[in-house]
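*Asks:* Can you keep this structure in mind? I'll have questions shortly.
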Amino acid sequence: QQQQQQQLVVAHGTDYFEDRATMVRQVEAHIVEVGQIFAQLSTMVAEQGDMLNRIDQNVDDVVANVDIAHNNLLKYFQSVSSNRQLLVKMVVALIFFIIVFGLFM
């Protein structure tokens, strides 16, 4: 009877160790899975960093293009303003010639 109890204790102990070994393998599998998740996360973070760099470069390009457009608009405005002055001068000269030719004819 004592021998049967010892066998039960040994059998029970063996089951316990097998259960522990199974649990350790499961924990190990979970740790590997978490490691893979962190590797994927690292890849995604690196890709996001590249994307942010491209966005930053695009914003810098847009700022430069807006500055160029602003300067071109100022040049066009100055050109239009000087053309108005020329047009006013031509109208005044035309009126002057009409008056002069009107008086002498």
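The values are calculated or read from the model by the stated rules, or taken from the named source; none is laboratory data. Only a predicted model underlies this, so the values are computations on that prediction, with no experimental measurement involved. Ligands, DNA and RNA are excluded from the accessible area calculation, which covers all protein heavy atoms including side chains. Shrake-Rupley method; radii C 1.70, N 1.55, O 1.52, S 1.80 Å.
*Asks:* Quick one: with all protein chains in place, what share of the accessible area of the chain is carbon or sulfur, to the nearest percent (1.4 Å probe)? Kindly include the intermediate steps, with their values, before the conclusion.
*Replies:* Numbers: 6540 of 9990 Å².
Carbon and sulfur atoms account for 65 percent of the accessible area of the chain.
*Asks:* Could you tell me how many degrees, from 0 to 90 and to the nearest 10, lie between the Cα long axis of helix 2-104 and the main elongation axis, the longest principal axis, of the Cα atoms of the chain?
*Replies:* Relative to the chain, helix 2-104 is tipped by roughly 0 degrees.
*Asks:* Per residue, how much accessible area does the chain have with a 1.4 Å probe, in Å²?
*Replies:* Details: 9990 Å² over 105 residues.
Per residue, the chain has 95 Å² of solvent-accessible surface.
*Asks:* Per 0.36 nm of contour for each residue apart, how much would the distance between residue 23 and residue 53 grow if the chain were fully extended, relative to their Cα-Cα spacing? Working shown, then result.
*Replies:* Values: separation 30, 0.36 × 30 = 10.80 nm, distance 4.49 nm.
Using 0.36 nm per residue and subtracting the Cα-Cα distance, I get 6.3 nm.
*Asks:* Please compute one quarter of the surface area of the Cα convex hull for the chain and express it in square nanometres. Kindly include the intermediate steps, with their values, before the conclusion.
*Replies:* Numbers: hull surface 43.9 nm².
Taking a quarter of the hull surface, the average projection is 11.0 nm².
*Asks:* For n ≥ 4 DSSP H runs only, could you compute -39500 (n - 2.57) per run for the chain, divide by its residues and tell me the 222 nm figure to the nearest 500? Intermediate results must be reported in sequence, preceding the final value.
*Replies:* Numbers: 1 runs with 103 residues, N = 105.
Computed mean residue ellipticity for the chain: -38000 deg cm²/dmol.
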